[in-house]
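What follows is one structure encoded as structure tokens, with my remarks underneath.
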There are 2 protein chains.
Amino acid sequence: MKISTKGRYGLTIMIELAKKHGEGPTSLKTIAQANDLSEHYLEQLIAPLRNAGLVKSIRGAYGGYILTNEPSKITAGDVIRVLEGPITPVEGIEDEEPAKRELWIRIRDAIKDVLDNTTIEDLASHSDDSETDGYMFYI
Amino acid sequence: MKISTKGRYGLTIMIELAKKHGEGPTSLKTIAQANDLSEHYLEQLIAPLRNAGLVKSIRGAYGGYILTNEPSKITAGDVIRVLEGPITPVEGIEDEEPAKRELWIRIRDAIKDVLDNTTIEDLASHSDDSETDGYMFYI
DNA sequence: TCTAATACCTATCAATTTACTAAGGATTTT
DNA sequence: AAAATCCTTAGTAAATTGATAGGTATTAGA
């Protein structure tokens with residue numbers, strides 16, 4: 001019941017690109033170093049993002065990646081779907097019996113509601129906030 | 001980003017026990033056959049449920065399991081937490097930077113809201129409803 | 001034109017998780 | 001005693017995760 005590093009690092013990439021939106025390409029090396037991640041691993045994550053048309057690459061020296069769209073037009077859900085697959089708490093919801101099926105649908109819709117209403121711009125603009133914002137970490 | 005068969009079969013077990021609540025123990029064999037599941041595998045799932053005090057076992061011939069509590073007092077969240085661990089879309093929410101941390105918290109709270117407000121009684125009483133209830137299966 | 005920086009591609013791999021299966025021991029009812 | 005049941009440990013094939021390794025192709029700038 002987890003979002004893996006694929007989805008999480010994917011969001012990290014998109015947030016970094018959003019911060020530089022309109023200022024030319026950002027290299028993966030820069031993003032990897034700024035976030036202490038493996039550049040090689042990020043290469044594998046950005047390939048699907050490029051194939052999905054969320055980012056555009058600029059090859060050669062001083063190249064890198066840029067967003068193909070406004071950060072306000074790209075949602076967290078767009079990114080997560082590309083890297084993690086369809087948003088759903090179980091495979092084959094249709095095959096479940098009615099009571100559980102409805103439960104999975106309510107969970108799915110709740111997650112979709114959050115992911116599809118959070119833009120990369122939202123994430124980029126809050127990514128420098130200093131501390132915990134008063135949220136508690138209960139489970 | 002999935003709930004595995006552990007949590008799903010765990011709910012199945014609890015729903016079956018809820019249907020027979022107050023009528024004496026139900027054996028795993030019965031539950032396994034009714035749902036076309038491996039009895040051996042269910043044994044491994046019910047062990048944590050017993051350790052957590054959600055069910056009580058009655059050994060020997062004509063034994064089985066019973067709920068330790070009213071079906072209306074047990075939530076889907078209780079069962080999922082025992083079998084899948086804490087409800088959270090990522091490990092170590094605290095370690096994430098503010099923007100993503102808030103996103104994970106909103107998702108976690110949305111899931112918790114559904115799971116903690118759905119009782120086993122709710123699930124058992126709707127588990128015989130015939131069809132799809134007009135829900136769509138978009139993603 | 002050379003060089004460095006960058007994207008792009010394919011393969012491999014260790015660790016973990018998932019979803020079981022196998023085999024039998026312990027306990028209780030009939 | 002026999003049968004039904006819970007209980008426990010061990011093993012395992014397949015998939016996934018989170019990388020690492022080792023390149024090739026392309027381009028900007030000196």
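The order of A:E96, B:E70, B:E97 by accessible area, most exposed first and with a 1.4 Å probe, is B:E70, B:E97, A:E96. Rolling a 1.4 Å probe over the protein chains gives A:S4 an accessible area of about 40 Å². Here's the list of aspartates and glutamates a cross-link from B:K112 could span, going by alpha-carbon distance under 19 Å and ignoring same-chain residues fewer than 8 apart: A:E102, A:D109, A:D113, A:D116, B:D78, B:E84, B:E91, B:E94, B:E102, B:E121, B:D122.
For region B:13-75, the spread of Cα coordinates along the three principal axes comes to 28, 22, 22 Å, biggest extent given first. Computed per residue of chain B from DSSP H runs no shorter than four, each worth -39500 (n - 2.57), the mean residue ellipticity at 222 nm is -16000 deg cm²/dmol. Neighbouring Cβ atoms from other chains, within 10 Å of the Cβ of residues in B:110-122, number 4 on average.
Rounded to two decimals, the Cα radius of gyration of region B:40-87 over 2.2 N^0.38 Å is 1.19. Counting only trypsin sites (Lys or Arg not before Pro) that DSSP places in a loop and that have at most 16 other Cβ atoms within 10 Å, the longest clean stretch of chain A runs over A:60-139. Within the straight-line cut-off of under 20 Å between alpha carbons, the lysines reachable from A:K29 are A:K6, A:K19, A:K20, A:K56, sequence neighbours fewer than 8 places apart in one chain being disregarded.
Counting only whole DSSP H helices of chain B, the ones at least 15 Å long by C-alpha along their axis and with mean Kyte-Doolittle hydropathy no lower than -0.5 are B:5-19, B:98-116.
Loop-located chymotrypsin sites (Phe, Trp or Tyr not before Pro) in region A:11-73 (DSSP state not H, G, I, E or B) with no more than 16 neighbouring Cβ atoms inside 10 Å: A:Y62.
Each copy carries a label point for B:A52 at 7 Å from Cα along the beta-carbon vector; from one copy to the others these points are 3.1 nm apart, nearest first.
Comment: the Cα-to-Cβ extended label point of B:S27, at 7 Å, lies 6.9 nm from its counterparts in the other copies, nearest first. Distance from the axis that maps chain B onto chain A is least for the Cβ of the chain B residue given, with the whole Å value, as B:A110, 2. Under the combined filter of DSSP loop state and at most 14 neighbouring Cβ atoms within 10 Å, region B:1-58 retains these GluC sites (Glu not before Pro): B:E23. For the protein assembly as shown, the convex hull drawn through the C-alpha positions has a volume of 142 cubic angstrom per residue. Summarising the overall dimensions of chain A from its C-alpha atoms, the Rg and Dmax are 16.8, 57 angstrom. In this Cβ point-charge picture (+1 for Lys and Arg, -1 for Asp and Glu), the protein assembly as shown has a dipole of about 700 debye about its Cα centre.
The values are calculated or read from the model by the stated rules, or taken from the named source; none is laboratory data. If you're wondering where the values come from, they're calculated on a predicted model, not measured in any experiment. Counting neighbours? That spans all protein chains shown, and the Cβs are built from the backbone with ideal geometry, glycine included. The accessibility values were calculated without ligands, DNA or RNA, using every heavy atom of the protein model including side chains. Shrake-Rupley method; radii C 1.70, N 1.55, O 1.52, S 1.80 Å.
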